[in-house]
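*Asks:* Structure provided below as structure tokens; questions to follow.
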Amino acid sequence: MKTIVAQPFDFTFDPAHLALVVIDMQRDFIEPGGFGATLGNDVSLLARIVPTVGRLLEAFRKAGLPIIHTRECHRPDLSDCPPAKRLRGKPSMRIGDEGPMGRILVSGEPGADIVPALAAKPGETVLDKPGKGAFYATPLGEILAERRITHLVFAGVTTEVCVQTTMREANDRGFECLLAEDATESYFPEFKKAALDMIRAQGAIVGWTATVAEIETALR
Ligand code: TIU
């Protein structure tokens with residue numbers, strides 16, 4: 001067993017049953033001209049965590065542990081994008097519209113891909129998801145069960161939307177969950193802080209948080 005110094009208390013795990021889930025580090029959220037920008041957000045905040053997520057990926061690669069990357073995107077015919085998502089709000093471009101990185105949040109388009117610095121390596125799983133949670137309408141549960149994974153480390157964007165939703169889904173499915181606090185980001189710093197606080201409050205009601213440095217130390 002190994003231990004990560006974490007909040008609100010230490011996170012203990014068997015490396016044979018640990019995996020990393022990197023949520024939606026896609027050009028559509030992180031680069032100008034994508035989905036995040038169409039919603040009116042300053043995407044530069046998210047770009048800043050790319051090197052930290054890279055360090056976390058390297059730590060898991062060196063340790064030989066499973067890595068799952070998710071991408072939020074939809075089929076080209078948008079049959080998996082309900083009006084409740086596509087027609088929400090007044091974005092400058094909607095999901096499926098043609099933007100500078102191809103059609104917004106559509107699978108196979110340049111914008112839907114993971115930023116080049118964090119691209120998946122051979123043997124890593126890349127999972128497309130139509131919702132905020134990575135378990136909804138995907139085989140993630142089956143993939144983790146096949147590998148006998150019980151403990152998950154999370155990173156990615158955005159903290160209070162797809163990351164928190166996925167952690168809550170994972171917690172309900174019985175996984176012990178830890179969020180890498182400096183490898184996740186929100187367009188709203190106050191929402192990131194609130195999400196971290198609510199995840200680890202009440203005795204880790206949803207899960208733990210720890211820095212990438214603490215995770216690296218434990219995996220070394
Ligand atoms: N808008 C926002 O903060 N997030 C999303 O729409 N998706 C993810 O968090 N991946």
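Derivation of every value follows stated rules applied to the coordinates shown; laboratory data play no part. Keep in mind that this is a model prediction, so the values were computed, not measured. Every residue, glycine among them, receives a Cβ derived from its backbone with ideal geometry; neighbour counts consider all protein chains shown.
*Asks:* With respect to Phe175, is the statement that it is touching a strand residue (DSSP E or B) at 6+ places or on another chain (Cβ under 6 Å), away from the ligand (no atom under 16 Å from the Cβ) and either acidic (Asp, Glu) or within 27 Å of Gly123 (Cβ to Cβ) (or both) true?
*Replies:* Yes.
Residues checked against (1) crowded, with 19+ Cβ neighbours inside 10 Å; (2) within 12 Å of the ligand (Cβ to nearest atom); (3) not hydroxyl-bearing (Ser, Thr, Tyr):
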position	(1), (2), (3)
His17	no, no, yes
Leu20	yes, no, yes
Leu45	no, yes, yes
Leu57	yes, no, yes
Cys73	yes, yes, yes
Ala84	no, no, yes
Met93	no, no, yes
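*Asks:* Further, regarding this structure: Scan the range 31-49 and report the pairs whose first residue is farther than 15 Å from Thr159 by Cα and whose second residue is within 12 Å of the ligand (Cβ to nearest atom) and part of a helix (DSSP H, G or I), with Cβ atoms within less than 6 Å and a gap of 6+ or a chain change.
*Replies:* Short answer, once both residue conditions are applied: Gly34/Asp28; Phe35/Asp28.
*Asks:* Go through the range 1-30 and report how many residues are closer than 20 Å to Arg220 by Cβ and touching a residue at least 40 places away in the same chain (Cβ under 8 Å).
*Replies:* The number of residues fulfilling the criteria is 15.
*Asks:* Name the one entry in Gly141, Gly108, Gly102 that is free of Cβ contacts under 8 Å to residues at least 40 places away in the same chain and within 21 Å of Val206 (Cα to Cα).
*Replies:* Criteria check complete, one pass: Gly141.
*Asks:* Looking only at the range 181-194, filter to residues that are crowded, with 22+ Cβ neighbours inside 10 Å and more than 11 Å from the ligand (Cβ to nearest atom); which one of those is farthest from Ala37 (Cα to Cα)?
*Replies:* Here the residue is Glu181.
*Asks:* For the range 123-146, which residues satisfy the criterion of being surrounded by fewer than 16 Cβ atoms within 10 Å (Cβ to Cβ) and of a type in the set (D, E, K, R)?
*Replies:* Glu142, Glu146
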